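Structure first, then comments.
Read the figures in this text as sums done on the coordinates, not as results from a lab. Predicted model only: the values in this text are computed from it and were never measured. Virtual Cβ from ideal backbone geometry, glycine too; neighbours counted across all protein chains shown.
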Amino acid sequence: MNIRIGQGSDLHRLADGLPLVIGNCSIPHTKGCIAHSDGDVLIHALIDALLGAFALGDIGSHFPDSNSQYKNISSTELLKEVLSLPEFKTSSIINIDSTIHLEQPKLRPFIDQIRSNLAELMNCQINQISVKAKTSEGVGAVGKGEAIACDCIVLLQK
Ligand code: MG
């Protein structure tokens, strides 16, 4: 059995009045991501983890932000494009683990919806998807509410 692991991370600045989308879930909040796409940090980190598992580069090399085609695009469209690559046709997810770094709001009420969204997008079971959230204790850009970040690891078998 050929096992592959991939790791990804992402960060976006937050600004007043923008939508906050995490794992294809709209989170009610006063701030959202400054981004070329919808700024979904979880899906961006997942895409980098998937690409990393097969040494296929990163999200920026596949979807350059200089390309207006990707302006305001839903990150789910980018994920679907990545999953259409031959490497993912012949492999399956073992599990995905992720951590979202965000000071506010508390994400616990949305975690199961986010897991369900990812399970549907990845064509796997919800118990294969872990989504965790933590604050930065008021320290740094995340702690001051200036940014949201995400780390993600994926394990696949070929
Ligand atoms: Mg991003």
TODO: Can you grab the distance from the C-alpha centre of the stretch 25-75 to the C-alpha centre of the stretch 102-149, Å, no decimals?
DONE: 15 Å
- [ ] Taking the convex hull of the Cα atoms, report for the chain its projected area averaged over all directions, in nm².
- [x] 8.8 nm²
Task: Helix-derived mean residue ellipticity, 222 nm - over the chain, DSSP H n ≥ 4, -39500 (n - 2.57), to 500 - done: -7500 deg cm²/dmol
Task: Net charge over other residues, Cβ less than 9 angstrom from the Cβ of GLN7 (K, R count +1; D, E count -1) - done: -2
Task: Cα-Cα over 20 Å, subset of LYS71/LYS134; LYS71/LYS144; LYS31/LYS106; LYS71/LYS132 - done: LYS71/LYS134; LYS71/LYS144; LYS71/LYS132
Task: For the stretch 22-34, 3J(HN,Hα) per residue [Karplus equation, 6.51 cos²θ - 1.76 cosθ + 1.60, θ = phi - 60°, Hz, x = Gly/Pro] - done: 10, x, 6, 10, 7, 9, x, 6, 7, 10, x, 7, 7
Open item on the list: Please give me, ordered by residue number, the GluC sites (Glu not before Pro) of the stretch 70-158 that lie in loop per DSSP and have at most 14 other Cβ atoms within 10 Å.
Closed with: GLU137, GLU146
- [ ] Report ³J(HN,Hα) in whole Hz for each residue of the stretch 99-109, in order, from the Karplus equation J = 6.51 cos²θ - 1.76 cosθ + 1.60 where θ = phi - 60°; Gly and Pro get x.
- [x] 10, 9, 9, 7, 7, 8, x, 5, 9, 3, x
Open item on the list: Please list 3J(HN,Hα) in residue order for the stretch 61-68, calculated via the Karplus relation 6.51 cos²θ - 1.76 cosθ + 1.60 where θ = phi - 60°; whole Hz, with x for glycine and proline.
Closed with: 7, 8, 10, x, 6, 7, 8, 5
